[in-house]
Amino acid sequence: MTHIFIVNPYAGEKTFADDLRRKLKEIKNLKYFVFNTKRAGDEEALVRRILHIFQDEELRFYCCGGSGTMRNMLNGFDDLEKAEIAFFPCGLTNDFLKVFGENEARFHQIEELIEGDVIQVDYIRTNHGVALNQFSTGLDSSHAIKFEEYRSLAALGERVPYVMSIAYALIFSKPLEYEVYLDDKKVVGPFSEIIFGNGHVMGGSLFLFENSCVVEGEASWLFVPKQNVFRLFKLLRAFFKMDYALVRTMTKSGSCKKMRLARKDGKPLAVNMDGELVSESLEWTAEIVQQGLHLVVPKGVRL
């Protein structure tokens, strides 16, 4: 087997890429290649080139970055059923791995992934690519737009652009009128946020769903109805504190296999998928592909 490491050198500590190469050199009899991306979004094209070059070899891919790096990598595969992918996290958020609880820490040991097992988990397929953890719009897409604008402020601290963009979204974003289908059920109304989630954490520390399972073929959904900025901050605090009793009183939630949504005014809708802002479209569909992803986990780790 050939081990392919795709590294986002801008995620995590500045020495991450060099540290990884040093560790790999110390592992005996490991056939591997390390590829650095040059800019955000390069992962998709890079995966396609690698699959073409190594088309006759058995490959295991390693995502060395955060949630966005993983999402971009997944979109490089024409058939995820044939892919074997490990998540070696080093980004600002590595949300999907939170479903593994205390075992999440083991994913930070590259040796554990190289010797790891393969399990099958769900992922999200949309009419504009795939995602692993979440598909959302509203406050979250506004946050993603502002995050790109504030990215240069990272010199003041890694989380400064992230916190500032969240504050902007909460204070200045306006709810939109949506028309949504949850499987066959139609929902219409003004919402500040719509989330279709495979995992249960977003943004690194927002615990959105009390219970979630990533092997049963259903997503959790959550709608935030129109409310003032003070109640939005209150809801945000409830997510941080995992105060699900309060969350249930302030939101609408449930589970479904497929969601279709559009703005009632017919205008394009921007969507956030795993922290990556995706181009606007008039209509979006998102559905769960049950156990369609072969995910590498440390030996013995299960959901």
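The distance linking region 191-225 with region 79-122 is 19 Å (Cα centroid to Cα centroid, whole angstrom).
Pick out, in residue order, every one of the chymotrypsin sites (Phe, Trp or Tyr not before Pro) in region 1-82 that is DSSP loop and has at most 15 other C-beta atoms within 10 Å; say none if there are none. Please list the in-between numbers first.
Numbers: sites: Phe5, Tyr10, Phe16, Tyr32, Phe33, Phe35, Phe54, Phe61, Tyr62, Phe77; in loops: Tyr10, Phe54, Phe77.
Those satisfying the criteria are Phe54.
If each DSSP helix of 4+ residues adds -39,500 (n - 2.57) and the sum is divided by the residues in the chain, what number results at 222 nm, nearest 500 deg cm²/dmol?
Details: 8 runs with 80 residues, N = 303.
Helix contribution divided over all residues of the chain: -7500 deg cm²/dmol.
Per residue, region 194-292 exposes an accessible area of 47 Å² to a 1.4 Å probe, with every protein chain left in place. Put simply, the amide H of Gln134, placed in the peptide plane, has neighbours under 5 Å in Asn198, Asp274, leaving out anything fewer than 5 places away on its chain. Taking Cα centre as origin and charging only the Cβ of basic (Lys, Arg, +1) and acidic (Asp, Glu, -1) residues, the dipole magnitude of region 150-298 rounds to 580 debye. Put a dot 7 Å past the Cα of Thr15, heading toward its Cβ, do the same for Glu158, and the two dots end up 1.4 nm apart.
Counting DSSP beta bridges with both partners in the chain, what percentage is antiparallel, nearest 5? Walk me through the intermediate numbers first.
Details: 52 of 72 bridges.
Just about 70 percent of them are antiparallel.
So for the chain, what percent of the C-alpha to C-alpha distances run longer than 25 Å? Roughly 48 percent, rounded to a whole number. FRET efficiency for the pair Lys241 and Ala167, taken as 1/(1 + (r/R0)^6) with r the Cβ-Cβ distance and R0 = 22 Å, rounds to 0.75. Phi-derived couplings, Karplus 6.51 cos²θ - 1.76 cosθ + 1.60 at θ = phi - 60°, listed residue by residue for region 19-29: 4, 5, 4, 5, 5, 5, 4, 7, 8, 6, 6 Hz, with x used for Gly and Pro. When the pairs Lys146/Lys174; Lys186/Lys226; Lys38/Lys82; Lys23/Lys299; Lys185/Lys252 are compared against a 21 Å limit on Cα-Cα distance, Lys38/Lys82 fall above it.
Counting protein heavy atoms only, region 77-134 has 39 percent of its accessible area on carbon and sulfur, 1.4 angstrom probe.
Applying the criteria of a DSSP loop state and at most 15 other Cβ atoms within 10 Å to the trypsin sites (Lys or Arg not before Pro) of region 31-60 yields Lys31, Lys38, Arg39. Applying the criteria of a DSSP loop state and at most 15 other Cβ atoms within 10 Å to the trypsin sites (Lys or Arg not before Pro) of region 102-188 yields Arg159. Around the Cα centre of the chain, unit charges on the Cβ atoms of Lys, Arg, Asp and Glu (plus for the first two, minus for the last two) sum to a dipole of about 840 debye. Rolling a 1.4 angstrom probe over the protein heavy atoms with all chains in place gives region 1-60 an accessible area of 67 Å² per residue.
Given an 8 Å cut-off on Cα distances and at least 6 residues of separation, report the relative contact order of the chain as a percent. Present the calculation step by step, with values, prior to reporting the outcome.
Values: 637 pairs, mean separation 67.8, N = 303.
Reported as a whole number, the value is 22 percent.
Would you work out what percent of the accessible area of region 178-227, with all protein chains in place, is carbon or sulfur (probe 1.4 Å)? Let's see the in-between values first.
Numbers: 830 of 1840 Å².
Accessible surface attributable to carbon and sulfur in region 178-227 totals 45 percent.
The values are calculated or read from the model by the stated rules, or taken from the named source; none is laboratory data. In this text, all values refer to a predicted model and were calculated from it rather than measured experimentally. So basically every Cβ, Gly included, is an ideal-geometry build from the backbone, and we count neighbours across all protein chains shown. Surface areas here come from the heavy atoms of the whole protein model, side chains and all, with no ligands, DNA or RNA. Shrake-Rupley method; radii C 1.70, N 1.55, O 1.52, S 1.80 Å.
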